Amino acid sequence: MSTTLNSKIPAGKVAEKWTKYKAEQNLVNPANKRKLDIIVVGTGLGGAAAAASLGELGFKVKNFCYSDSPRRAHSIAAQGGINAAKNYQNDGDSIYRLFYDTVKGGDYRAREANVYRLAEVSNDIIDQCVSQGVPFARDYGGYLDNRSFGGALVSRTFYARGQTGQQLLLGAYGSLNRQIAAGNVTMHVRTEMMDLVIVDGKARGIVTRDLVSGELNTHFGHAVVLATGGYGNVYFLSTNAMGSNGSAAVKAYKKGAVMANPAFVQIHPTCIPVHGESQSKLTLMSESLRNDGRIWVPSEKEDAEKIRKGQLKPTDLPEEKRDYYLERRYPAFGNLVPRDVASRAAKERCDAGFGVGTGQAVYLDFKHAIERLGQSTIKARYGNLFQMYEKIVDENPYETPMMIYPAIHYTMGGTWVDYELQTSIPGLFSIGEANFSDHGANRLGASALMQGLADGYFVLPFTIQNYLADQIGVARMNPDEVLEFKKVKEDTKALIDKLFAIKGKRSVDSFHKELGLIMWDHVGMGRTAEGLKEGIVKIKKLREEFWKDVRIPGRDDMINPELEKACRLADFLELGELMAQDALHRNESCGGHFREEYKTPEGEALRDDENFMYVAAWEYQGTEKPAKLNKESLNYEAIEVKTRNYK
């Protein structure tokens with residue numbers, strides 16, 4: 001198979017492309033919408049917004065989630081806020097500035113037209129959510145309040161204390177429930193997508209497993225939408241929910257959907273550090289804390305060592321012995337540099353021997369903010385985050401600095417999509433974190449919620465019609481009577497039987513932890529050609545051992561979390577190798593992809609725009625064969641490409 005990438009970017013100036021597209025696209029009339037079925041996999045912000053919006057338009061939607069309620073999607077864990085170019089602060093913000101900051105923050109590795117559209121619809125998202133009753137924070141006068149996030153010199157982040165994702169998801173959940181009650185959306189909970197069904201070259205449905213009964217079922221759709229989030233759990237320890245996985249994307253990849261920039265993963269700088277070998281996930285401390293918290297380490301190694309040994313408390317260290325290293329290195333942005341920059345700076349300090357706690361932590365200190373604003377103000381802004389930190393660490397962050405360290409948080413890479421959010425498989429769409437399109441090599445804080453809701457509410461409902469307008473004459477299929485559905489269902493059953501038949505000695509988690517360590521050590525914050533090659537060898541060896549020695553207790557006709565984890569890990573073992581392959585081929589440093597061989601004398605990322613200003617879109621060739629590289633060139637017309645500078 002050979003894939004030709006056509007991004008379908010409309011002609012004209014970047015600020016006019018989306019308007020031009022909507023004016024010229026094909027539409028489906030109301031009577032015909034009722035004849036068309038759309039499958040939406042996932043109920044996070046992207047999936048719930050898409051399902052609700054498509055149902056509102058009159059399409060018949062089948063919505064799937066593996067949790068027991070749509071409102072338990074991982075979007076609920078987002079804390080800090082959502083960006084929009086409303087310029088309520090009158091501080092110079094605009095659609096163009098949001099667009100510029102996003103492209104720059106992504107280190108010039110995102111598609112220009114998609115990013116501008118994201119900035120363009122950002123303001124509509126806020127209006128939509130306010131109309132749903134989302135309780136955004138307000139200032140004394142009653143207007144919507146804003147705060148700052150990394151990579152921006154303006155305040156454009158709307159928030160609901162430290163629970164923004166939860167409140168936005170409740171708004172989408174309410175809209176979704178309205179369409180469920182109206183009969184336009186059929187909800188399938190505790191149901192996991194196991195594979196994609198292709199009929200005559202087009203995505204026509206999915207095979208699912210009922211996570212309670214174990215029953216395999218097939219579902220038809222005129223189009224399929226993946227809103228399944230990212231694949232950060234390939235590292236085992238991440239801030240993602242433990243059930244988050246990349247399996248839907250991997251299944252699509254194996255059926256012909258190319259994967260774009262899989263090595264672009266985000267390592268969030270403010271997470272509670274790893275505290276033991278028995279840990280199963282990590283906890284995020286919102287980037288919003290960097291508005292008022294100051295990050296530092298002891299300026300002398302002797303003091304750092306004393307703190308690590310418990311001989312010195314951080315509160316006893318005088319100001320002149322503290323190194324506020326972000327403020328020192330990046331005076332213009334200070335503690336609000338982008339996440340990749342802040343994460344690498346923390347790693348550098350810890351690697352140099354200045355880390356605290358276990359040695360893999362730095363301080364996030366609110367002493368000066370409390371002195372300036374009062375504890376009551378800090379509590380009003382971040383109270384639930386402080387409470388969460390204290391419950392986990394058993395230290396009062398109002399009295400002693402928080403300890404933080406970078407952790408896997410988000411994946412900028414994902415399924416390749418064109419301007420219409422359609423993958424390289426006709427009829428298969430991918431939205432939100434599941435696709436690659438908007439964030440380049442590094443996502444700015446508070447932009448994940450923006451992309452999910454932009455895709456779900458304001459982009460996909462338009463673009464999917466351009467495809468469906470030609471599908472009106474396609475009759476609904478009975479999956480039980482279509483050979484392709486039967487074949488994929490049989491293949492899924494064979495995979496499950498194969499896993500049970502191994503009857504090995506090792507648990508799924510033992511393999512997953514080992515994979516996570518390989519990924520962190522070889523495909524983590526600092527990467528080298530030698531390390532990546534070694535990582536690929538180790539992943540292949542681990543995958544071989546997995547298929548020989550994994551042990552899955554229980555049966556497949558029952559609730560079986562170990563089977564669920566085994567199926568997902570089988571995909572992670574292939575995805576991990578692809579990520580390493582992508583990182584190895586990209587001989588440059590950009591955003592979250594940092595190759596130690598390619599850095600400036602100051603230790604900053606050194607891009608190679610001449611040779612690597614493209615989207616790396618990988619095409620599946622078989623489990624034991626290297627993926628084939630396809631390239632989509634990145635062209636910037638409305639923005640000057642230059643070295644990022646946050647100093």
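The values are calculated or read from the model by the stated rules, or taken from the named source; none is laboratory data. Bear in mind the structure is a predicted one, so any value in this text is a computation, not a measurement. Neighbour counts run over all protein chains shown; Cβ positions are idealised from the backbone, glycine included. Protein only, heavy atoms only, side chains kept; ligands, DNA and RNA dropped before computing areas. Shrake-Rupley method; radii C 1.70, N 1.55, O 1.52, S 1.80 Å.
Answer yes if at least one residue in the range 249-270 is crowded, with 24+ Cβ neighbours inside 10 Å and hydroxyl-bearing (Ser, Thr, Tyr), and no otherwise.
Among the residues of the range 249-270, at least one is crowded, with 24+ Cβ neighbours inside 10 Å and hydroxyl-bearing (Ser, Thr, Tyr), which makes the answer yes.
Residues are listed down the side, and each one gets a yes or a no for (1) farther than 26 Å from Tyr235 by Cα; (2) touching a Gly at 6+ places or on another chain (Cβ under 9 Å); (3) modelled with pLDDT of 95 or more; (4) of a type in the set (Gly, Ala, Ser):
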residue	(1), (2), (3), (4)
Pro553	no, no, yes, no
Cys590	no, yes, yes, no
Leu629	no, no, yes, no
Glu637	yes, no, yes, no
Tyr646	yes, yes, yes, no
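So Leu153 passes all but one of these: (1) open to solvent by less than 40 Å² (accessible area, probe 1.4 Å); (2) part of a loop (DSSP other than H, G, I, E, B); (3) of a type in the set (A, V, I, L, M). Which condition number does it fail?
Failed condition: (1).
Residue pairs, Cβ under 8 Å, 6 or more apart or interchain, first in the range 22-47 and farther than 30 Å from Leu170 by Cα, second of a type outside the set (Val, Ile, Thr). List them.
Glu24/Pro10; Gln25/Phe462; Gln25/Gln465; Gln25/Asn466; Asn26/Gln465; Asn26/Asn466; Asn26/Ala469; Asn26/Asp470
Has the range 187-199 got at least one residue that is in a loop (DSSP other than H, G, I, E, B), open to solvent by 10 Å² or more (accessible area, probe 1.4 Å), without any contact (Cβ under 8 Å) to a residue 60 or more places away in the chain and not assigned by TED's automatic domain parsing to the domain that holds Leu289?
Checked against the condition, which is being in a loop (DSSP other than H, G, I, E, B), open to solvent by 10 Å² or more (accessible area, probe 1.4 Å), without any contact (Cβ under 8 Å) to a residue 60 or more places away in the chain and not assigned by TED's automatic domain parsing to the domain that holds Leu289, the range 187-199 yields no hits at all.
Among (1) over 20 Å from the mean Cα position of the chain (by Cα); (2) in contact (Cβ under 8 Å) with a residue 24 or more places away in the chain; (3) under 22 Å from Leu444 (Cβ atoms), there is one condition Tyr620 misses while meeting the rest; what is its number?
In the conditions (1) over 20 Å from the mean Cα position of the chain (by Cα); (2) in contact (Cβ under 8 Å) with a residue 24 or more places away in the chain; (3) under 22 Å from Leu444 (Cβ atoms), Tyr620 misses (3) alone.
Just checking, how many residues over the range 200-224 are touching a strand residue (DSSP E or B) at 6+ places or on another chain (Cβ under 7 Å), assigned to a loop (DSSP other than H, G, I, E, B) and more than 25 Å from Glu564 (Cα to Cα)?
Result for the range 200-224: 1.
Can you name every one of the strands (runs of 3 or more DSSP E) wholly within the range 352-469 that holds 2 or more residues which are of a type in the set (Val, Ile, Thr), surrounded by 24 or more Cβ atoms within 10 Å (Cβ to Cβ) and under 18 Å from the mean Cα position of the chain (by Cα)?
402-411
Out of (1) in a strand (DSSP E or B); (2) out of contact with any helix residue (DSSP H, G or I) (no Cβ under 7 Å at 6 or more places or on another chain); (3) of a type in the set (S, T, N, Q), what's the single condition that is false for Gln266?
(2)
Is it true that some residue in the range 526-545 is more than 30 Å from Glu596 (Cα to Cα) and out of contact with any Gly (no Cβ under 7 Å at 6 or more places or on another chain)?
yes
Which one is nearest to the chain's Cα centre (by Cα) among residues in the range 503-530 that are open to solvent by 30 Å² or more (accessible area, probe 1.4 Å) and under 27 Å from Gly214 (Cβ atoms)?
Top of the filtered list is Lys513.
If I go through the range 306-328 residue by residue, how many of them are in contact (Cβ under 8 Å) with a residue 24 or more places away in the chain, over 23 Å from Arg147 (Cβ atoms) and open to solvent by 30 Å² or more (accessible area, probe 1.4 Å)?
Looking only at that region, the number is 3.
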